[in-house]
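Visitor: Below is a structure I'd like to ask you about.
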4 protein chains.
Amino acid sequence: MTELRTQNDDYVNVVKDSFSKQTIMHLIGAELVDVTPGFCSIELCHREDLCQQDGFFHAGVISIIADSAGGYAAFSLMRPNSRVLTVEFKINLLRPAAGHSIFAKGEVIRAGKNLSFTEVKVYVRNSNKNTLCANMTQTLACVDDTIKSA
Amino acid sequence: MTELRTQNDDYVNVVKDSFSKQTIMHLIGAELVDVTPGFCSIELCHREDLCQQDGFFHAGVISIIADSAGGYAAFSLMRPNSRVLTVEFKINLLRPAAGHSIFAKGEVIRAGKNLSFTEVKVYVRNSNKNTLCANMTQTLACVDDTIKSA
Amino acid sequence: MTELRTQNDDYVNVVKDSFSKQTIMHLIGAELVDVTPGFCSIELCHREDLCQQDGFFHAGVISIIADSAGGYAAFSLMRPNSRVLTVEFKINLLRPAAGHSIFAKGEVIRAGKNLSFTEVKVYVRNSNKNTLCANMTQTLACVDDTIKSA
Amino acid sequence: MTELRTQNDDYVNVVKDSFSKQTIMHLIGAELVDVTPGFCSIELCHREDLCQQDGFFHAGVISIIADSAGGYAAFSLMRPNSRVLTVEFKINLLRPAAGHSIFAKGEVIRAGKNLSFTEVKVYVRNSNKNTLCANMTQTLACVDDTIKSA
């Protein structure tokens, strides 16, 4: 991609601030690892209360960090005073997510004025090995933030 | 659909038992509302710790109950001694999920020997009104349960 | 859906005119069967030159009529002097599309100002039986038509 | 990916033979450019009869070559005497496909015994420039070929 231009010099703070308001991240214990223009990664350690019936990370839990990693990758490129909304995503679950943590790496593949598109790879960590366990593609909308803060 | 035949007379207990092992459901407070052959619905009340940055249900949280509603709709039709795994899903977020609860209704549209396909509608509740807020389609695999319990 | 309001009294002609410009429809022999506000159906008879390696309708050919059925269902509700573009679609191939024709029925499930969402069911016809063979969900963008005709 | 092992020494001929039976490829004029273990690319030159209403390649036409590029990437890794079937795909249309040709590059990201997963990038060519115009992710099933030829 040649078009990953930041429109917001303050994008790091804007993303961190938004992430801190995602209360679900606190509940599950996810952490924002990194954000650069058009990229974002989020990590989540295994806990016994994040699982499906076989003890693996639940597909919806994987989706939480993948959706936000892609969303913030896109948001990092958006104009100031805008908001990001997920229009849709699709996720392929390639392998059971069995490991001591998962991390999602989101990347913008097309940044348009109103719509952006991302790819998100999710890896599961075991000892020193990272294995691709899920693959998401996503569409996001950029909307003007007309909600005034006090 | 004319093909929604139960292969497991004990499907209700099998689904309830599996759902009770999904620890993420306890964490977020989701409840299995109903399961009949080829159908399953799950409800989730709003809490302040289930949100994205604007206070709406996070798309990943919506995906947790939608994925399981579709998964158990499919599982209700599967042969005894099998397990269900999500192969993939796609979700369209039609409107912000702003309301006092959301519920997901999963329905099998094709039950094959190895692969099943579902549709899941997610509604958000406000006062007495239910509004469609998300639409998922999903592919699930039926695998033989070769893990022996003690 | 309670929101299927036509904004364009001339929607039937607008859709028919656009369909007639889809040159691929002529190549494969597809026909616009019906369009009403928020709905559109397209039919395609089997030909030996529309197949994949086993003699079934190719998934991409199914996608041609499904994408356009959903697109015109959405377009029928859009404001005058607008154009419709597909943002994305996902299709599940439920069964081999083996029959003497296929038809796609598109339906709008959410009509927004800029984005619309549809579901498209594709059936394969054999003798007097119609069987669901594919299921698509789709996102479409409404963009202003700024291209002036001569 | 570390797992792209060919199971079929004759995979090139097997893929070419299958491609030659895809009659739709002859109709639209698509060409198999290359196949290596886990990869496949297909090219299609612009013709006036492959378009949607604005003169761009129709999304369904793009899907034909993308679906087959991903399918044959997966098929190249499958065991002898097997067949490949598309379970589902999702495609994001990133830009109008306006150019003198499009080509699809499919790549396997997970090759399982029964299910494989691919990514397919579609580029549109203009003069000497290639621009990413569509992104597909895909699930494929490997089934035993029990149909005997005469």
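Visitor: I need a count of the residues in the range C:112-134 that are under 12 Å from the mean Cα position of the chain (by Cα) and within 10 Å of chain B (Cβ to nearest Cβ).
Guide: Matching residues across the range C:112-134 total 3.
Visitor: If you check B:ILE91, B:ILE109, which single one turns out to be within 21 Å of C:ALA134 (Cα to Cα), in a strand (DSSP E or B), within 12 Å of chain A (Cβ to nearest Cβ) and touching an Asp or Glu at 6+ places or on another chain (Cβ under 8 Å)?
Guide: B:ILE91
Visitor: Residue check: is D:ALA59 among the hydrophobic types (A, V, I, L, M, F, W, C) and in contact with a Cys (Cβ under 6 Å, 6 or more places away or on another chain)?
Guide: Here the answer is no, as D:ALA59 does not meet what is asked.
Visitor: Okay, next question. Outside any helix (DSSP H, G or I), without any contact (Cβ under 8 Å) to a residue 60 or more places away in the chain and over 16 Å from D:PRO80 (Cα atoms): which single residue out of D:GLU43, D:GLU48 fits that description?
Guide: Only one candidate passes the filter, namely D:GLU48.
Visitor: Identify, by number, the condition in (1) more than 14 Å from chain C (Cβ to nearest Cβ); (2) of a type outside the set (A, V, I, L, M); (3) surrounded by fewer than 20 Cβ atoms within 10 Å (Cβ to Cβ) that D:SER82 doesn't meet.
Guide: (1) is the only condition that D:SER82 fails.
Visitor: Can you give me the number of residues within the range A:3-32 that are part of a helix (DSSP H, G or I) and either within 8 Å of chain B (Cβ to nearest Cβ) or under 15 Å from A:GLY70 (Cβ atoms) (or both)?
Guide: 10
Yes/no per residue for (1) buried (at least 19 other Cβ atoms within 10 Å of the Cβ); (2) farther than 18 Å from A:CYS142 by Cβ:
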| position | (1), (2) |
| --- | --- |
| A:SER20 | no, yes |
| A:LEU32 | yes, yes |
| A:CYS40 | yes, no |
| A:GLY70 | yes, no |
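Visitor: OK, next. Considering only the range B:52-62, I want to know if a residue exists there that is more than 12 Å from chain A (Cβ to nearest Cβ) and either closer than 23 Å to A:ILE65 by Cβ or more than 12 Å from the chain's Cα centre (by Cα) (or both).
Guide: No, there is no match, as no residue in the range B:52-62 is more than 12 Å from chain A (Cβ to nearest Cβ) and either closer than 23 Å to A:ILE65 by Cβ or more than 12 Å from the chain's Cα centre (by Cα) (or both).
Visitor: Name the residues in the range C:42-51 that are surrounded by fewer than 24 Cβ atoms within 10 Å (Cβ to Cβ) and either of a type in the set (Lys, Arg) or facing chain D (nearest Cβ under 9 Å) (or both), would you?
Guide: C:ARG47, C:GLU48, C:ASP49, C:CYS51 - these are the residues of the range C:42-51 that are surrounded by fewer than 24 Cβ atoms within 10 Å (Cβ to Cβ) and either of a type in the set (Lys, Arg) or facing chain D (nearest Cβ under 9 Å) (or both).
Visitor: Keeping to the range C:57-80, report how many residues are of a type outside the set (A, V, I, L, M) and under 16 Å from D:HIS26 (Cβ atoms).
Guide: 3
Visitor: Please verify whether the range A:99-109 includes one or more residues that are in contact (Cβ under 8 Å) with a residue 24 or more places away in the chain, among the hydroxyl-bearing types (Ser, Thr, Tyr) and crowded, with 20+ Cβ neighbours inside 10 Å.
Guide: no
Each reported figure results from applying straightforward, stated rules to the coordinates on display, with no laboratory input. Here the structure is a predicted model, which means the values were calculated and not measured. Positions of Cβ are generated from backbone atoms using ideal geometry, with glycine treated the same way; all protein chains shown enter the neighbour counts.
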